[in-house]
Amino acid sequence: MIIKWLGHGSFRYEIAGQVLLVDPWLTGNPTLPEERHEEATAGATHILLTHCHFDHVADVLPLAKKLGIPVVGQYDLMGYWADSEGIETVGFNKGGTVDLGGVKVTMVNALHSSSFGHDDGPYVPGTECGFVLEGEGHSIYHSGDTEVMADMQIINDLHAPDIGVLSAGGHFTMDMRRVAYAANKFFNFKTLIPGHYGTFPILEQSAELLVRELPDVKIIEPDLLEPIHFT
C-alpha cells in the first residue's frame, strides 16, 4: 500500500490494485506544479470527494471526464452529477460502506461546511464528510476538513484505524494542537500524516508539535508525490 501527498489536502491512495484520489486539487494548487499533474493522477481508478470547497472540488468533474473514472461521494450530489454531467458516480451517505474493487470505503461524519461559489451567494450541495479506507490489512482515517468531534471515538471503536491522515493547518480545520488532542483522546494510530497545512501563510507551517505531543506515533510530514509505503 502506498500513500502520496498531492499538495494541500489532496491525497492519492494505492490500495489493493485501486488508485483513489481524495479531493484532487490541481488547478491553482500552489504546492503541485502543473508539470506534475499527470504524474499525480496517472492510473487513477476513483475520485473521492469530502466536500465542495474550491480547494477540494475544483478539478473533480474535469478529471472524472478526462480519465473516465467514477466520482464517489454523497448520494444527492452524485445523483445530480450523474444526470447533469454524464459521469459515472457512486453515491452513498454517512455510515454507509461501499466496496471499490477490494477497498472498503466508509463515509463518516465531519464538522466543517461545504459550498460552491454562486452568483446569488453560496450554493450548498450536501454536507462535509470524511472517509475510512480499509484494505491490505490497514484501516486509514482520512478526516477531510474537520474540527475535533466526539464522533471520532465512534470511528475508532468501529474501525480502529492504524493510520490517520488528518487536516491540521488551523484556521479552516483543526490545528496541530487539536490534531494532537484528537489522536491522544480518541485514536491509537501507529502512523499519522498531517495535511491541509503549509499551503498558505495563514495555515500552520510545521508538524513539530505533533512529534512532541505524540511520542508513540510515527509522524510523517509528507513530501510532494513521494511514496509512503506500508506493508
Checklist entry - Which length gain, in nm to one decimal place, applies between SER113 and HIS171 when the Cα-Cα distance is subtracted from 0.36 nm times their residue separation? => result 19.6 nm
Checklist entry - Which lysines does LYS66 reach when only Cα atoms under 24 Å apart count, and residues fewer than 8 places away in its own chain are ignored? => result LYS4
Checklist entry - Pick from ALA150, ALA180, ALA82: which is most flexible by mean-square fluctuation in a GNM of the chain where alpha carbon atoms under 10 Å apart are linked? => result ALA150
Checklist entry - Ranked highest first by average number of other Cβ atoms within 10 Å, how do 49-55, 222-228 line up? => result 49-55, 222-228
Item to check | Cα pair distances exceeding 21 angstrom across segment 89-171, given as percent | outcome: 34 percent
Checklist outcome for this item: When the chain is treated as a Gaussian network with springs between alpha carbons less than 10 Å apart, the largest mean-square fluctuation among VAL22, VAL108, VAL98 is found at VAL98
Checklist entry - Rounded to the nearest 10 Å², what accessible area does ILE15 show when all protein chains are kept and the probe is 1.4 Å? => result 0 Å²
Checklist entry - What accessible area per residue comes out for segment 166-209, rounded to a whole number of Å², with a 1.4 Å probe? => result 46 Å²
Item to check | Surface accessible to a 1.4 Å probe, LYS104 within the full protein complex, Å² | outcome: 110 Å²
Checklist entry - Is segment 1-71 best put as rounded, prolate or oblate by its Cα gyration tensor, with a ≥ b ≥ c the root eigenvalues, rounded for a/c under 1.5, and otherwise prolate when a/b is larger than b/c, oblate when not? => result rounded
Checklist entry - Hey, if we sort TYR141, TYR197 by accessible area with the 1.4 Å probe, largest down, what's the order? => result TYR197, TYR141
Item to check | Cα-centred dipole magnitude for the chain, charges only on beta-carbon of K, R (+1) and D, E (-1), debye, nearest 20 | outcome: 460 debye
Item to check | Structure-based [θ]222 nm, the chain - -39500 (n - 2.57) summed over DSSP H runs of at least 4, per residue, nearest 500 | outcome: -6000 deg cm²/dmol
Checklist entry - Cross-link partners among aspartates and glutamates for LYS185, C-alpha distance below 20 Å, same-chain residues fewer than 8 apart left out? => result ASP145, GLU147, ASP151, ASP157, ASP162, ASP175, GLU208, GLU213, ASP216
Checklist entry - Pick from GLY126, GLY95, GLY169: which residue has the top mean-square fluctuation in a GNM of the chain where Cα pairs under 10 Å get a spring? => result GLY95
Checklist entry - Applying 1/(1 + (r/R0)^6) with R0 = 30 Å to the Cβ-Cβ distance of VAL211 and ASP157, what FRET efficiency is obtained, to the nearest 0.05? => result 0.65
Checklist entry - Over the chain, what is the percentage of antiparallel beta bridges among all DSSP beta bridges, to the nearest 5? => result 55 percent
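The values are calculated or read from the model by the stated rules, or taken from the named source; none is laboratory data. Nothing here was measured: the structure is a model prediction, and the numbers come from that model. Note: ideal-geometry Cβ built from the backbone for every residue, glycine included; neighbour counts use all protein chains shown. Note: areas computed on protein heavy atoms with side chains; ligands, DNA, RNA excluded. Shrake-Rupley method; radii C 1.70, N 1.55, O 1.52, S 1.80 Å.
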